[in-house]
Amino acid sequence: MSTHFAIIGNGAAGYRAAKTLRRADGDARVSVFAEERYPFYLRRQLGEFLSGNLTLAEVIFQSRNAYRRERIDLFLMTEVASVDPREHAIVFTTGQRARYDRLLIATGTRAVPFGATGLDLDGVTMFDTLTRAQAVRGTVKDVRQAAVLGEGVIGLTLAESLTGCGIGVTQLLRGERFWPEMLDEQTSALVENALERAGVTIRRNTQARAVIGAGGRAIGIETTDGETFPAELVACGCRRRPAVDFLEGSDIEIGRGVRVDGALRTSRKDVFAAGDVAEPAAFDEFGDEGAAFCWQRAWAQGGLAAASMLGHRAEPVFEAVRLRTVLFGHDLAVVGQGHLAPGGHVEAVELHDEPGIYRRLVFEGDALVGAIVFGTGETVHELNRLVAEKASRDEVEATLAVAATDAGADLLPTTFARHCPICAAELVVHHGTRAGAVLRCGACNTDLVVRWDGEHGWFEIRRA
């Protein structure tokens, strides 16, 4: 009898695992269960969809027909109520059950509800799914003022798109600065400067007490300090938590997320977890302020989880990146404990390589335990490895100081990371790669040409 691989969640981790399982075992049954209405799409492109730069068809990475062609059973708008590991069964909210031989939990994160009133009004959105992005896109032409509540990445994505549409945006910060639990003061200031240069108004040390409505629609915000201001669109840029509620009582070990070992196995030998829902033992990513948020991490773990589900020996995915995104054209990455303040055995080294680029390295004793990079993604891949390995100061300095004179005239003197211009998946080009080399994107199979101008690298689509 063929093996039934079941996957709950159709984001980056779940999608990649399904594809990998199918290619490795042509006789297996592969099933994907997802709450959403649409097949796999890239959430990072929701802002481009809102602004009209991408159509619905361009955002959706794979159509339902693509799943059928690969014999992956896709069940959309299917909500899981619980998991019964003893019976090897998934229980749905309809009461139906599906048995599995091996299960992958790839449910990502859920928004933490705000305490404000009026969140049920029309014009209030979480903007974290394609369905919600569609609803916002349909009303944005009538919006003049918008508010972003909270400092989540999703809210910032929406703020960027709205300002690009000529809409006034007000951003509320509950504290004095952005993300103190993830960023140092210098990086917080850089993020805030990018917002303000784009025309976003920042209100510090305040939160929304209520969304003000009229006729069932949002028209403004009342803050905790008693101020009011207009807003026809309100985005809850919520902090997020791993989506594990449906696992309560399942005897699968849960901390902040689903606890996994280096092979992404849970406390049940035939159940695995990957992506933002997985809580790895190697890194303390699940502090009080929420989970890691990294598309690349989820994609890499999807491949590892599939290998483990197949019983293959696979190298662990050493992903120390907690956050990786682009804000108003600026790359931002937080690796490990890059936010730690100096003191005791902790030392922070700040590097201002050139205007607009900032790197912060955090050492505990002689070991690199974290880093923050703003303005460029060229060293994030190497820093991820160095933090994961707790590299020594000498190794860090040697890795980051690769001299251009040490390479051939047409060989890249450094490692850099860029996003695929088609699907936005991250691709890494290592130092020593020849300029003009052709790489294939592992996500969308597009052939890309490596370009280098002596200082910066990028990709061009290879023309036949």
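The values are calculated or read from the model by the stated rules, or taken from the named source; none is laboratory data. Not measured: the values here are computed from a predicted model. Counting neighbours? That spans all protein chains shown, and the Cβs are built from the backbone with ideal geometry, glycine included. With ligands, DNA and RNA removed, areas are computed over all heavy atoms of the protein, side chains included. Shrake-Rupley method; radii C 1.70, N 1.55, O 1.52, S 1.80 Å.
Plugging the Kirkwood radius over Cα pairs into Stokes-Einstein for segment 139-280, at a temperature of 10 °C and a viscosity of 1.306 mPa s, what D comes out in µm²/s?
Translational D for this selection: 92 µm²/s.
In nm, to one decimal, how far is the modelled label at residue 70 from the one at residue 461, with both set 7 Å along Cα→Cβ?
Those two pseudo-labels are separated by 2.1 nm.
Can you give the relative contact order of the chain as a percent, counting alpha carbon pairs under 8 Å and 6+ residues apart?
Taking the mean separation of contacting Cα pairs over the length of the chain, I get 12 percent.
What is the Cα centroid distance between segment 312-380 and segment 7-41, reported in whole angstrom?
Segment 312-380 and segment 7-41 have Cα centres spaced 31 Å from each other.
Could you sort the peptides 268-278, 320-330 by per-residue average Cβ neighbour count (10 Å cutoff), highest mean leading?
Order by mean packing, descending: 268-278, 320-330.
On the protein heavy atoms, probe 1.4 angstrom, tell me the percent of accessible surface of segment 1-58 carried by carbon and sulfur.
Solvent-exposed carbon and sulfur of segment 1-58 make up 44 percent of the total.
Please report the relative contact order for segment 156-300, taking Cα pairs under 8 Å with a sequence separation of at least 6, and give it as a percent rounded to a whole number.
In percent, rounded to a whole number, it is 14.
Evaluate the Kirkwood expression for the hydrodynamic radius of the chain, namely the inverse of the mean inverse distance over all pairs of different C-alpha atoms, and round to one decimal in Å.
Evaluated on the chain, it is 23.4 Å.
For segment 72-150 and segment 167-228, compute the distance between their C-alpha centroids and round to whole Å.
Cα centroid of segment 72-150 versus Cα centroid of segment 167-228: 25 Å apart.
Excluding same-chain residues fewer than 8 positions from residue 269, which aspartates and glutamates have a Cα within less than 19 Å of its Cα?
Qualifying aspartates and glutamates at Cα under 19 Å: 84, 87, 101, 248, 251, 253, 261, 279, 315.
Hey, which aspartates and glutamates would be in cross-link range of residue 19, C-alpha to C-alpha under 16 Å, not counting anything within fewer than 8 residues on its own chain?
Correct list for residue 19: 27, 70, 73.
Kindly state, as a whole number, the per residue volume in cubic angstrom of the convex hull around the alpha carbon atoms of segment 30-189.
That works out to 173 Å³ per residue.
What number comes out for accessible area per residue over the chain if the probe is 1.4 Å? Units Å², please.
I get 44 Å² per residue for this part.
To check you understand DSSP bridge types, tell me what percent of the beta bridges within segment 9-159 (both residues inside) are antiparallel, rounded to 5.
Here the antiparallel bridges make up roughly 65 percent for segment 9-159.
How big is segment 42-116 by the Kirkwood estimate over distinct Cα pairs, in Å?
That comes to 15.7 Å for segment 42-116.
Kindly give Rg over Rh for segment 113-168, based on alpha-carbon atoms, with the Kirkwood expression for the hydrodynamic radius.
Rounded to two decimals, Rg/Rh equals 0.92.
Could you work out [θ]222 nm for the chain from helices alone, using -39500 (n - 2.57) per DSSP H run of at least four and dividing by all its residues? Round to the nearest 500 deg cm²/dmol.
It lands at -6000 deg cm²/dmol.
Compute for segment 135-219: radius of gyration divided by Kirkwood radius, i.e. Rg/Rh, restricted to C-alpha atoms, rounded to two decimals.
0.98
Indicate, rounded to the nearest 5 percent, the antiparallel portion of the DSSP beta bridges found entirely in the chain.
Around 65 percent antiparallel, to the nearest 5.
With all protein chains present, calculate the accessible area of residue 92 using a 1.4 Å probe and round the result to the nearest 10 Å².
Accessible surface of residue 92 is approximately 20 Å².
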